[in-house]
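Working notes, structure below.
The values are calculated or read from the model by the stated rules, or taken from the named source; none is laboratory data. The structure presented is a predicted model; accordingly, all values stated were derived computationally and were not measured. FYI the Cβ positions are ideal-geometry reconstructions off the backbone, even for glycines, and counts take in every protein chain you see. Please note that ligands, DNA and RNA were not included when accessible areas were found on the heavy atoms of the full protein model with its side chains. Shrake-Rupley method; radii C 1.70, N 1.55, O 1.52, S 1.80 Å.
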Amino acid sequence: MSLAEQVVRESEIRLREEQWEARKGVFLQPPQHIPTGKWTDAPLLGNGDVGVAIGGGAEEQTLYIGKNDFWVQPHLGETEEQRRERSLSDNGRRTGARIITVGQVTLLLPGLQGSEYRQEQHILDAEVRGSFRGDTTEVRLQSWVAACENVLVTELECLRGTLDVRIRLHAGEKSTDEVYNYDNGTEDGLMWFRYAANSANVPETRRVAVATKIMGASARYEWRFQNVEAEVSVSAGERIAIVTAIVSNRDHADYFSSARELAVLYGAGGWDGIRQLKVAHRRWWRSFWTASEIEIGDPVLEKFYYGSYYILGCCTRQGKIPPGLFGNWITTDRPAWTGSYTMNYNYEAPFWGLYAGNRPELAASYCEPLLAFLPWGKLFARDKLDCRGVYMPVELGPDGMICSMLFHGQKSNAAFAAVNLLMHIDYTGDMDYAREVYPYLLEVANFWEDYLVFEDGRYVIYDDDIHERSHDRKNPILSLGFVRMILTAMLKLSEELGTDSRRRPKWRHILDHLSEYPLMERGGRTVFRLTEEGRDWGLRNSLAVQHIFPAGVIGLDSSPELLEIARNTVDEMQRWSDFNAFPTYYAAAVRVGYDPCVILEKLRLECEQKSLPNLSIHHGGGGIEDASGVPVCLQEMLLQSYEGIMRLFPVWPRERPARFRKLRAVGAFLVSSEYADGEIRYVVIESEKGRPCPIQNPWPGRGAVVYRNGREAEQATGERFTPPTAEGEQLVLLPAERRETEDGQ
């Protein structure tokens, strides 16, 4: 075996199941925040569309069902003209558009009254397993939402005694029987309900059907007005499966028949059908976990790194409606902030870890609400600001829905939303995707062309609040960063797509003459100021560094003076634990080379002090946006590429070994590497698109040997080098002396 082949084998991902036992979530008491209009502390399941959160004690466990596409749409029944007039006049008002809960499956187990509570959220297999011991009975439960079907399965095994089980199916909120626009029933050996988010008489309303069948024992089904129920008795050595199908009219035109057919398919087919469904489910999750891997010698950070990805894998999926603030774990009809796509960071943030983490397909649907909103954004720009482009309120929904006409004085939301589009293009090199989203990006550029004011030889931004309703007068640093980001990207994209060449001189002129970032003195040091005229410093949030991350316009390639100001700002802010800062502050600190030992210490504290048993980290500013904080921070410490140059372990403690496998770099490269004994041992690069690969020499002052598809090809020297690559080609980089030493042996 050649040296290059040995290195490639070292860099392969090996799923070691014993490691995952330490990464499970453990619940020793029933969750306290369910049902809730905000984020829950309950065990979580999901398949990127259907989400299930499990509440209640051993004797009454409720599986709350949410679905990413189950939204109230208040504009249904309006003409386009009526909706237009209402939208333009409803300044500051919420529209009524919101996501609502689907319903629940409740297991009533009176024989377990007084049992100790223990549930385990096993993220490797995406299953929640419960073990309950009563005075005369003992039961084991296992619940999972199938990865490739909208089917919820709860397996119940009686280990001791006899247990009477009642299964209740309820539409809408658990706390009330005053639910409208639904019907339910029992027939053909199953129970079901149909539920409409709007009036059932409006054809376009979102509808969902839920059907449940008990497999493994003879069950008695009964209609009880607002609920339908099934009763079954299970004795020691027996087990049953409670199979629930959840189908909307977005999934299937005949959603009701489809739900019943799915329930019968897996609920009447015997244990072989359940087993096959579980095999496919586990196969999907194994593939998900082997997309990339990190090992940093810290079990706590690794637990919440993978726990964060579990949350994302449960709540977003290609081809499905993307998740809002609280993902698909919606347990009430009145979620806070309408459960919306909150556009001044919350909607964007959850996806940030997916690009470098080599799971970009989970972010593919992110663009759909933006493209659907685009006609409305152009209307608002013309009507409210008298300019071209797109002007975006703070709260959106899917399919062109607008949840509120609250703009909060912010002009930056549409540009903030563009961050993810550019990340997706940069990390995947997917030019078909680039063509799809280019119209949106062009309108963002149009907006800033018109909204900027050219005076005294520079472009200035007026009347753009950096914080909600902060009433700022001039040059918010956030928007200055986003303008640089979007116009730099448009210059590159327009060339790659062969379009808008006549627009480029204007974009270059703006970039060359855009106002500098506002500065101030604080604590005897120069730091970034929030605005040139208006708010100078914030008591919370991370707005002073969001031009660093996620906008990406300052980094290790910036001037020493600018980097010093950036590090001063991070140091002065001290936002390591903050209501809204977690998804951006840590990554910004990494990107400007802040002390990596401090970053890791503070990140670990957040995992220990701000986490919940379901492996989420929660600061109160929303829900799933904090799932990006740990992945983005650690990935940026291990690999950076956003400035057009690949850096290995750029901000990592010299004394700490670490390795990563198949992280994704800008240019569509999959990268694996290891750091030990104070130096990088190897670099493996897989090229998906065959682009040149700029890289900072991993061995400064020394040469590197480049192997191509296992064969020594060339040597590279200098501070930076750019080996060409072919599509599908694999490069292995080794320090020259290692090659010589190994050959000598």
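General remarks:
- One residue stands out among those in region 388-405 that are open to solvent by 10 Å² or more (accessible area, probe 1.4 Å) and closer than 18 Å to residue 464 by Cβ: the one that is farthest from the chain's Cα centre (by Cα), which is 388.
- Condition met for residue 243 (more than 24 Å from residue 66 (Cα to Cα) and touching a residue at least 24 places away in the same chain (Cβ under 8 Å)): no
- Each residue in region 113-138 was checked for being touching a residue at least 60 places away in the same chain (Cβ under 8 Å), open to solvent by less than 60 Å² (accessible area, probe 1.4 Å) and either within 13 Å of residue 61 (Cβ to Cβ) or of a type outside the set (Val, Ile, Thr) (or both), and 13 of them qualify.
- Residue within region 598-606 that is of a type outside the set (Phe, Trp, Tyr), free of Cβ contacts under 8 Å to residues at least 60 places away in the same chain and in a loop (DSSP other than H, G, I, E, B) present: no
- First in region 445-456 and without any contact (Cβ under 8 Å) to a residue 40 or more places away in the chain, second anywhere and aromatic (Phe, Trp, Tyr) and open to solvent by less than 40 Å² (accessible area, probe 1.4 Å), Cβ under 8 Å, 6 or more apart: 453/459
- Under the condition of being β-branched (Val, Ile, Thr) and assigned to a loop (DSSP other than H, G, I, E, B), the residues counted in region 625-655 number 2.
- All positions within region 649-679 that are open to solvent by less than 10 Å² (accessible area, probe 1.4 Å) and more than 28 Å from the chain's Cα centre (by Cα): none
- When region 677-707 is limited to residues that are part of a strand (DSSP E or B) and polar (S, T, N, Q), the one that is nearest to residue 725 (Cα to Cα) turns out to be 687.
- Identity of the residue in region 445-467, in a strand (DSSP E or B) and of a type outside the set (Val, Ile, Thr), that ends up nearest to the chain's Cα centre (by Cα): 462
- Boolean, residue 88 is aliphatic (A, V, I, L, M) and assigned to a helix (DSSP H, G or I): yes
- Any hit, region 581-591, residues being among the hydrophobic types (A, V, I, L, M, F, W, C) and touching a Leu at 6+ places or on another chain (Cβ under 8 Å): no
- Count of region 457-469 residues which are touching a residue at least 24 places away in the same chain (Cβ under 8 Å) and open to solvent by 20 Å² or more (accessible area, probe 1.4 Å): 6
- Count - residues of region 403-444 that are in contact with a strand residue (DSSP E or B) (Cβ under 6 Å, 6 or more places away or on another chain) and in a helix (DSSP H, G or I): 1
- Scanning region 4-36 for residues that are touching a helix residue (DSSP H, G or I) at 6+ places or on another chain (Cβ under 7 Å) and either open to solvent by 20 Å² or more (accessible area, probe 1.4 Å) or without any contact (Cβ under 8 Å) to a residue 40 or more places away in the chain (or both) yields 15, 22.
- The residue list 354, 422 contains one member that is touching a residue at least 12 places away in the same chain (Cβ under 8 Å), within 22 Å of the chain's Cα centre (by Cα) and closer than 29 Å to residue 501 by Cβ, which is 422.
- Members of region 225-236 found to be surrounded by 13 or more Cβ atoms within 10 Å (Cβ to Cβ) and not in a loop (DSSP other than H, G, I, E, B), listed by number: 227, 228, 229, 230, 231, 232, 233, 234
- In the set 557, 536, only one residue is among the charged types (D, E, K, R) and touching a strand residue (DSSP E or B) at 6+ places or on another chain (Cβ under 9 Å); that residue is 536.
- Any hit, region 632-642, residues being among the β-branched types (Val, Ile, Thr) and closer than 30 Å to residue 310 by Cα: yes
- Condition met for residue 439 (free of Cβ contacts under 8 Å to residues at least 60 places away in the same chain and open to solvent by 20 Å² or more (accessible area, probe 1.4 Å)): no
- Output for region 549-581, where each listed residue is over 18 Å from residue 600 (Cβ atoms) and acidic (Asp, Glu): 557, 561, 564, 572
- Output for region 175-209, where each listed residue is farther than 23 Å from residue 78 by Cα and crowded, with 18+ Cβ neighbours inside 10 Å: 184, 186, 190, 191, 192, 193, 194, 209
- Evaluated against (1) in contact with a strand residue (DSSP E or B) (Cβ under 7 Å, 6 or more places away or on another chain); (2) in contact (Cβ under 8 Å) with a residue 40 or more places away in the chain, residue 250 falls short on exactly one condition, (1).
- Residue within region 192-207 that is of a type outside the set (A, V, I, L, M), in a loop (DSSP other than H, G, I, E, B) and touching an Asp or Glu at 6+ places or on another chain (Cβ under 7 Å) present: yes
- Taken over region 701-725, the criterion of being within 36 Å of the chain's Cα centre (by Cα) and without any contact (Cβ under 8 Å) to a residue 60 or more places away in the chain is satisfied by 706, 708, 709, 719, 721, 722, 723, 724, 725.
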